[in-house]
Amino acid sequence: MSNSEQSLFNIMAELKERAKELSCLYKVDEIINNHDYTSEKVLEEIVKAIPVAWQYPEICVVKITMPDKIFTSENFTETIWKQSADIVVLDKIIGHINIYYTEQKPDFDEGPFLKDERKLLDSIAGRISNFLLHNKLKHVFNEMQTQAADLEE
């Protein structure tokens, strides 16, 4: 393979990775914006959507830890090959997303993970954080409306 063919091959491989990541973000947004889903269902579906966007989806598993529940991929196994991001609401860490590889792979930017996978993970954690904040604010607003209605009676 010539240098120009190798360069083209590398560019195509990188573009495929970025397309997977973008598709994952679209899927996460679609899940979060499904008003028929409970918060639990949203987190369950996000856990399912994440692995396909990583470089090695066949060995990628996900765990989202919240104060009251843990959501994991099917066949989840915790390993030493881990990438993690905090879920933050109102400046308080309320949970975590952990991405694991179940087999050793060559080191890249962050252990076996790519720098773009870090950006994707942080972006997903941010979306989940915003979703949970929105739900919390909606709950507070509904409580205030109920209290105001009770006072009017």
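What FRET efficiency comes out for PHE141 versus ASP86 if R0 is 30 angstrom and r is the Cβ-Cβ distance? Round to the nearest 0.05.
Working: r = 26 Å, r/R0 = 0.85.
Between PHE141 and ASP86 the formula returns 0.70.
State whether the stretch 52-116 is rounded, prolate or oblate according to the following rule on the C-alpha gyration tensor (a ≥ b ≥ c being the square roots of its eigenvalues): a/c under 1.5 gives rounded; otherwise a/b larger than b/c gives prolate, and the remaining case gives oblate.
oblate
What is the distance, in nm, between label points placed 7 Å from the Cα along the Cα-to-Cβ direction at GLU78 and at LEU8?
That separation, rounded to one decimal, is 4.8 nm.
Would you please give the residues with an amide H less than 5 Å from that of VAL89, counting only those at least 5 places away or on a separate chain, with H modeled from the backbone geometry?
Residues meeting the amide H criterion: ILE94.
Which residue, THR102, THR72, THR38, has the most motion in a Gaussian network model of the chain that connects Cα atoms within less than 10 Å?
Sorting by GNM fluctuation, first place goes to THR38.
Just to confirm the number: angle between the C-alpha axis of helix 115-152 and the first principal axis of the chain, 0 to 90 degrees, nearest 10?
The two axes meet at around 10 degrees.
Would the stretch 23-82 count as rounded, prolate or oblate if I go by the C-alpha gyration tensor, calling it rounded below 1.5 in a/c and otherwise prolate when a/b exceeds b/c, oblate otherwise?
Working: a/c = 2.70, a/b = 1.31, b/c = 2.06.
Judged from the Cα gyration tensor, the stretch 23-82 comes out oblate (a/c at least 1.5, b/c at or above a/b).
Please work out which option in [x] 45, 38, 37; [y] 53, 35, 21; [z] 81, 30, 26 gives Cα extents along the principal axes in Å calculated from these coordinates, and answer with its label.
Only one option fits the structure, namely [z].
Helix 39-49 versus the longest principal axis of the chain: what angle, 0 to 90°, nearest 10, using Cα atoms?
10
Restricting to DSSP loop positions (anything but H, G, I, E, B) with no more than 13 other Cβ atoms inside 10 Å of their own Cβ, which trypsin sites (Lys or Arg not before Pro) remain in the stretch 38-83? It would help to have the intermediate numbers written out before the result.
On the way: sites: LYS41, LYS48, LYS63, LYS69, LYS82; in loops: LYS69.
The qualifying sites are LYS69.
Using the structure shown, list the pairs from LYS20/LYS82; LYS82/LYS136; LYS41/LYS138 with a Cα-Cα distance above 22 Å, or answer none. Write down the numbers at each step before the final one.
Working: LYS20/LYS82 20 Å; LYS82/LYS136 29 Å; LYS41/LYS138 18 Å.
Distance filter (> 22 Å) returns LYS82/LYS136.
Given an 8 Å cut-off on Cα distances and at least 6 residues of separation, report the relative contact order of the stretch 1-147 as a percent. If you can, show how the numbers build up before the last one.
Values: 172 pairs, mean separation 27.6, N = 147.
RCO, the stretch 1-147: 19 percent.
Go ahead and run the numbers for FRET between ASN33 and ARG118, Cβ-Cβ distance against an R0 of 25 Å, rounding to 0.05. Present the calculation step by step, with values, prior to reporting the outcome.
Details: r = 25 Å, r/R0 = 0.98.
Once the sixth-power term is evaluated, E becomes 0.55.
Since every read-out is calculated from the coordinates, none of them should be taken as a lab result. These numbers were taken from a predicted model, which means no experiment stands behind them. Neighbour counts are summed over all protein chains in view; Cβ atoms, including those assigned to glycine, are modelled from backbone coordinates with ideal geometry.
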